[in-house]
């Protein structure tokens, strides 16, 4: 096995789910998003651990992601959050993936695929209350629900929306989220006026779990918070699930004035020891972190020297060190800077860091 590994702490995932459960109380179901290979953590092991920890639903973004879970023996309800191509619908029906439906044309296609598969397919009506992505207008929800209700091969199991700025405490964003929730409640009422049960109502992402109790409804869909990242100082308290580690592959002395790595962007200010680490942007460590990352070796942080390469990067150990070849290194997570810290340096979000750690990095699951 490679020196570079992503350690996935499933015990932390379980505690994060428990923390969200404590926050929201006993009633709302928890939907665990495992799309994008569970944000880079590994879809099947994470899905199993989440269900064992009390999640009631799973969510994915592609039909293939759902098939992977089903073929691994997972029989929990799975929500397909994105819109698949028409030719993917037979697979969605065959594997009992619950579709999000936001217009009549797609409802007709889903009904046909379910009928041809001999299935009654569970679907969730998607309302666009202000995200501007997919879904029907709130005022059209009743009409769309009525059409779904007369399709023998479809069952309306839920009604959902997605919140655009629920993770922001700014007053203008708080007000916008409240407006979205008002539109969503109006849509649900329109479905009821049509004589139809809207099923499970769900809207809350991670931000809404933290800031908007009125968004919890019947189910919540927190994403990144379950993987261990939330607003500092806010409840619930969560722990990062992924830790990227490696080992020192080579150590050499570099003299003052000598340069390291591509472009010769780093010059040794004094005689020093350079450790080569077998991890690079080919593994998903962003090249833009060159010159802006410290890794943990033993109990200290050491800065990278020079540009991150595809398969390797170098750390400056200083002029006097007893660190030896093959010693363990933590790149992020654990007692090193977190994925959120790295993301902040790049002006991005922690999702992008964990999702970017690719398949050539083996995952090691710890309980």
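The values are calculated or read from the model by the stated rules, or taken from the named source; none is laboratory data. Keep in mind that this is a model prediction, so the values were computed, not measured. Ideal geometry is used to build each Cβ from the backbone, glycine not excepted, and the neighbour counts take in all protein chains shown.
Of the residues 114, 160, only one is assigned by TED's automatic domain parsing to the domain that holds residue 73 and farther than 22 Å from residue 207 by Cβ; which?
Details: 160 fails: farther than 22 Å from residue 207 by Cβ.
Answer to the check: 114.
At least 2 residues being within 26 Å of the chain's Cα centre (by Cα) is the threshold, and among the helices (runs of 4 or more DSSP H) wholly inside the range 100-206 those reaching it are 171-193. Of all residues in the range 129-170, those that are surrounded by fewer than 18 Cβ atoms within 10 Å (Cβ to Cβ) and modelled with pLDDT under 95 total 3. For residue 330, all conditions in the list (1) free of Cβ contacts under 8 Å to residues at least 40 places away in the same chain; (2) touching a strand residue (DSSP E or B) at 6+ places or on another chain (Cβ under 7 Å); (3) outside any loop (DSSP other than H, G, I, E, B) hold save one; what is the number of the exception? Only one criterion is unmet by residue 330, namely (1). Residue 59 meets all of the listed conditions (1) touching a residue at least 60 places away in the same chain (Cβ under 8 Å); (2) crowded, with 17+ Cβ neighbours inside 10 Å; (3) over 20 Å from the mean Cα position of the chain (by Cα) but one, namely (3).
For residue 140, indicate whether it is without any contact (Cβ under 8 Å) to a residue 12 or more places away in the chain and touching a helix residue (DSSP H, G or I) at 6+ places or on another chain (Cβ under 9 Å). For residue 140, the condition - without any contact (Cβ under 8 Å) to a residue 12 or more places away in the chain and touching a helix residue (DSSP H, G or I) at 6+ places or on another chain (Cβ under 9 Å) - is met. For the range 296-311, residues that are within 17 Å of residue 267 (Cβ to Cβ) and without any contact (Cβ under 8 Å) to a residue 24 or more places away in the chain total 2.
Within the range 276-292, not a single residue is over 19 Å from residue 5 (Cβ atoms), assigned to a strand (DSSP E or B), in contact (Cβ under 8 Å) with a residue 24 or more places away in the chain and more than 27 Å from the chain's Cα centre (by Cα).
When we screen 257, 306 for residues that are touching a strand residue (DSSP E or B) at 6+ places or on another chain (Cβ under 7 Å), assigned by TED's automatic domain parsing to the domain that holds residue 362, on the phi > 0 side of the Ramachandran plot and surrounded by 15 or more Cβ atoms within 10 Å (Cβ to Cβ), the only hit is 306. Applying the condition of being out of contact with any strand residue (DSSP E or B) (no Cβ under 7 Å at 6 or more places or on another chain), touching a residue at least 40 places away in the same chain (Cβ under 8 Å) and assigned to a loop (DSSP other than H, G, I, E, B) to the range 338-358 and asking which residue is surrounded by the fewest Cβ atoms within 10 Å (Cβ to Cβ) yields 358.
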